[in-house]
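Engineer: Here's a structure for you.
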Amino acid sequence: MYFNKLLDSTDYEIASYVKKYLLENSNYSVKLHVGCDSQNISKHTNYATTVLFHIGNTGCHFLYHKERLPKIEDMWTKLWGETTRSVEVANYLKERGIKVDSIDLDFNSDENYQSNKLVSASVGFVESMGFTANVKPTILPAISAADMMC
């Protein structure tokens, strides 16, 4: 599973990168977040999945993986794709001995937002896989990075 850095065209195998990064920054309190966002643009749906290191109070560092698919019109299908991509990456890391602190979901707990319809199903799925799920209005650093990459 390969990811990229913002200013680098190199493909990084994500588990190896995460292990090395955590080892090199073991003096800091580093939390690992996974998230995904999607946007429909023209005839395509773009997904950006991120693995984000939240480094104490000093900031964040992240890697991303982008996908471009034919446009997904159905909101449920498009947003569920965000959930499954995040869980897939988190499981990939977990299977390689890496602890993921949370999966950030770009869904809102406020019933006034359409994404609220997926909160229960997505949080349930994430938690059934053994991960902690975060939704808005909580600050979601992995989602902020994914949104920027979309």
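The values are calculated or read from the model by the stated rules, or taken from the named source; none is laboratory data. Everything numeric in this text was worked out from a predicted model, so none of it was measured. So basically every Cβ, Gly included, is an ideal-geometry build from the backbone, and we count neighbours across all protein chains shown.
Engineer: Being under 17 Å from residue 2 (Cβ atoms) and assigned to a strand (DSSP E or B) is the filter here; which residues of the stretch 18-60 pass it?
Structural biologist: Filtering the stretch 18-60 for residues under 17 Å from residue 2 (Cβ atoms) gives 18-21, 34, 36, 47-52.
Across the stretch 18-60, the qualifying residues are 34, 36, 47, 48, 49, 50, 51, 52.
Engineer: Tell me the residue from 119, 135 that is more than 29 Å from residue 11 (Cβ to Cβ), surrounded by 13 or more Cβ atoms within 10 Å (Cβ to Cβ) and within 13 Å of the chain's Cα centre (by Cα), please. Walk me through it before giving the result.
Structural biologist: Details: 119 fails: within 13 Å of the chain's Cα centre (by Cα).
Among 119, 135, only 135 is more than 29 Å from residue 11 (Cβ to Cβ), surrounded by 13 or more Cβ atoms within 10 Å (Cβ to Cβ) and within 13 Å of the chain's Cα centre (by Cα).
Engineer: Here's something else I'd like to know. What are the pairs with Cβ atoms under 6 angstrom where one residue, in the stretch 121-150, is aromatic (Phe, Trp, Tyr) and the other, located anywhere, is assigned to a strand (DSSP E or B) and surrounded by 20 or more Cβ atoms within 10 Å (Cβ to Cβ)? Sequence gap at least six, or different chains.
Structural biologist: Close Cβ pairs satisfying both conditions: 131/103.
Engineer: Just give me the residues in the stretch 37-53 being under 21 Å from residue 14 (Cβ atoms), buried (at least 19 other Cβ atoms within 10 Å of the Cβ) and out of contact with any His (no Cβ under 9 Å at 6 or more places or on another chain), in sequence order.
Structural biologist: As a first pass, look at the stretch 37-53 and keep what is under 21 Å from residue 14 (Cβ atoms): 37-38, 46-53.
Right, trim to buried (at least 19 other Cβ atoms within 10 Å of the Cβ) and you get 37-38, 47-53.
Passing the criteria: 37, 38.
Engineer: Considering only residues that are buried (at least 18 other Cβ atoms within 10 Å of the Cβ) and farther than 30 Å from residue 29 by Cβ, which ones fall in the stretch 91-114?
Structural biologist: Within the stretch 91-114, none qualify.
Engineer: Hey, another quick one. If I filter the stretch 112-121 for residues that are assigned to a helix (DSSP H, G or I) and either at pLDDT 90 or above or touching a His at 6+ places or on another chain (Cβ under 9 Å) (or both), do I get at least one hit? Walk me through how you get there before you give the answer.
Structural biologist: We begin by selecting, within the stretch 112-121, every residue assigned to a helix (DSSP H, G or I); these are 114-121.
Applying the additional criterion that residues be either at pLDDT 90 or above or touching a His at 6+ places or on another chain (Cβ under 9 Å) (or both) yields 121.
Looking for residues that are assigned to a helix (DSSP H, G or I) and either at pLDDT 90 or above or touching a His at 6+ places or on another chain (Cβ under 9 Å) (or both), one finds at least one in the stretch 112-121, hence yes.
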